[in-house]
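*Asks:* Would you mind keeping the following structure in view while I ask a few things?
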Amino acid sequence: MIDLSVDYLGIPLKNPLVASSSPLCTSIDNIKKMEDEQIAAVVLQSLFEEQVILEQRELDTGLLQGTEHFAEALTYLPDFGTYRFASSGYLEQIRKAKEAVDIPIIGSLNGISTGGWIKYAKEIQDAGADALELNLYYLPTRPDISSQQVENNYVELVKEVTSRIRIPAAIKISFFLSSIPDTVSKFADSGASAVVLFNRFYQPDLNLDSLNVVPNLKLSTSDELRLRIRWIAILYNKMNIDLAITGGVHTSLDVLKGIASGAKVTMMTSAFLLNGIPYAGAVLEGVSQWLERNDYKSIRSFQGVLNQASVENPEAYERANYMQVLGSYNT
Ligand SMILES: Cc1cc2nc3c(=O)[nH]c(=O)nc-3n(C[C@H](O)[C@H](O)[C@H](O)COP(=O)(O)O)c2cc1C
């Protein structure tokens, strides 16, 4: 029997398979199913500060019938589709999930103001979440804000939030950072317990008939994993922070590659949306079988075996072999 247990965010988990934040993690029934299928922890879908503001404004609009002002303001806010959560509903969901299952429940927050991040982070903690994922889904589009300013803002935000909560915090980042190692090491120094690599940025498409920009959410494939394992392998053991992968984890081998590069946990959403929650059992079975075949007794002993420092050809993770890669394509 292979020992699949890991520690993530200082929390013992029975294995490294975590359900990342998505609408799948909204219903308590699904969360129970996830526990039954041996998923080790669940990240709830994000609470969006805009959403809470939107709902407050809707309430205000209702109270102030006839005021045009709010209707106009609301058009600036994105269409949240399924994200119909006021913060009280979100907090209730955390309480119910905690009652229903024993696996760790990780709240997820996407704020727009420092005050909002702190307020909702504390509320999520007080509702009983075991940890908090800060979803830094932000696309800098203003030319007058430098990359240093953007990254400093992230670090300040992480400092502000982590200094005010007791539960561990994971920071979910995008790869649009000018220096990933620098920013991650600053997160580590600012109280973050983990970084989750990487948020996917959803690229809208253009409809030329209606001359409109249309949202277009495509699920991932395993191809997206390589960007993650490369960066995990580069960051591994260089700073005091747990590393987690989200994006492109679809199969047992993907989980194993993530762990080999140095991740503590690998997260899945697209694979569960495509194959259903019971697919988790098959993935974990595949992981155990592979480890057994290859004489590993535990997943911990396999963790980081292919990190950048321990491989024969560390440059393969870097640009140094750029020419070699280009040259390796057989026409
Ligand atoms: C429909 C959908 C909704 C999502 N909602 C959230 C969210 O609320 N917060 C968040 O941090 N990530 C959200 N994600 C991103 C996932 O957590 C995950 O990071 C991403 O899908 C990449 O992982 P995958 O390749 O396993 O799908 C969402 C993804 C999908 C497909």
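*Asks:* Normalised by the residues of the chain, what does the relative contact order come to in percent, with Cα pairs under 8 Å and at least six apart?
*Replies:* 18
*Asks:* Next question, about the same structure. Taking the mean number of other Cβ atoms within 10 Å as a proxy for protection, how do you rank 262-273, 38-49 from highest to lowest? Walk me through the intermediate numbers first.
*Replies:* Numbers: 262-273: 25.1, 38-49: 23.6.
Order by mean packing, descending: 262-273, 38-49.
*Asks:* Can I ask one more? Of Lys264/Lys297; Lys96/Lys122; Lys14/Lys218; Lys14/Lys119; Lys14/Lys98, which ones are farther than 27 Å apart at the Cα? Please report the intermediate quantities before stating the final value.
*Replies:* Values: Lys264/Lys297 17 Å; Lys96/Lys122 18 Å; Lys14/Lys218 30 Å; Lys14/Lys119 31 Å; Lys14/Lys98 17 Å.
The pairs that break the limit, which is 27 Å between Cα atoms, are Lys14/Lys218; Lys14/Lys119.
*Asks:* Okay, moving on. Can you give me the angle between helix 180-189 and the longest principal axis of the chain, using Cα atoms only, in degrees from 0 to 90, rounded to the nearest 10?
*Replies:* Taking Cα atoms only, the helix is inclined about 70 degrees.
*Asks:* Moving to a separate point now. Please report, to two decimal places, log10 I(q)/I(0) for region 201-294 at q = 0.13 Å⁻¹ as given by the Debye formula with identical point scatterers on the Cα atoms and no solvent.
*Replies:* So the normalised log intensities are -0.54.
*Asks:* Related question: Calculate how many DSSP beta bridges within region 6-327 are antiparallel, expressed in % of all such bridges and rounded to the nearest 5.
*Replies:* 20
*Asks:* How big is D for region 6-327, in µm² s⁻¹ as a whole number, if Stokes-Einstein is applied with the Kirkwood radius of its Cα pairs at 10 °C and 1.306 mPa s?
*Replies:* My calculation gives 76 µm²/s for D.
*Asks:* Output ³J(HN,Hα) for region 281-294: one whole-Hz value per residue in order, computed from phi by the Karplus curve 6.51 cos²θ - 1.76 cosθ + 1.60 with θ = phi - 60°, and x for Gly and Pro.
*Replies:* Result, ordered by residue: x, 5, 4, 5, 4, x, 5, 4, 4, 5, 5, 5, 4, 9 Hz.
*Asks:* List the residues, sorted by chain then number, that are 5 or more residues from Ser22 or on another chain and whose placed amide H is less than 5 Å from its amide H.
*Replies:* Sorted by chain and number, the residues that satisfy this are Gln45.
*Asks:* With a ≥ b ≥ c the root eigenvalues of the C-alpha gyration tensor of region 124-194, is it rounded (a/c under 1.5), prolate (a/b larger than b/c) or oblate? Let's see the in-between values first.
*Replies:* Numbers: a/c = 2.24, a/b = 1.91, b/c = 1.18.
Since a/c reaches 1.5 and a/b is larger than b/c, the shape of region 124-194 is classed as prolate.
*Asks:* Rank-order 143-153, 110-120 by packing density, defined as the average count of other C-beta atoms within 10 Å over each peptide's residues, highest first.
*Replies:* Final packing ranking: 110-120, 143-153.
*Asks:* Now for a separate question. First measure r as the distance between the Cβ atoms of Gln324 and Leu206, then evaluate 1/(1 + (r/R0)^6) with R0 = 41 Å and state the FRET efficiency to the nearest 0.05. Let's see the in-between values first.
*Replies:* Details: r = 37 Å, r/R0 = 0.90.
The value I calculate is 0.65.
*Asks:* Still on this structure: To the nearest 10 degrees, how steeply does helix 114-126 sit against the main Cα axis of the chain, on a 0 to 90 scale?
*Replies:* Relative to the chain, helix 114-126 is tipped by roughly 70 degrees.
*Asks:* Right, next: Taking 7 Å along the Cα-to-C-beta vector as the label spot, tell me the Asp182-Ile145 distance in nanometres, rounded to one decimal.
*Replies:* It is 1.8 nm.
*Asks:* Arrange Lys186, Lys172, Lys218, Lys238 by Cβ neighbour counts within 10 Å, fewest through most, would you?
*Replies:* Sorted ascending by nearby Cβ count, the order is Lys218, Lys238, Lys186, Lys172.
*Asks:* Give the whole-number value, in cubic angstrom per residue, of the convex hull volume spanned by the C-alpha atoms of region 93-242.
*Replies:* Dividing the Cα hull volume of region 93-242 by its residues yields 162 Å³.
*Asks:* Which residues' amide hydrogens lie under 5 Å from the amide hydrogen of Gly304, considering only partners 5 or more residues apart or on another chain, with H built in the peptide plane?
*Replies:* Amide H neighbours of Gly304, under 5 Å, 5+ apart: Ala260, Ser261, Gly262, Ala263.
*Asks:* Of Glu318, Glu37, Glu133, which has the largest mean-square fluctuation in a 10 Å C-alpha GNM of the chain?
*Replies:* Greatest mean-square fluctuation among the candidates belongs to Glu318.
Each reported figure results from applying straightforward, stated rules to the coordinates on display, with no laboratory input. As the structure is a prediction and not an experimental result, all values here were calculated from the model. When we count neighbours, we look across all protein chains shown, and the Cβ atoms used for this are built from the backbone with ideal geometry, even at glycine.
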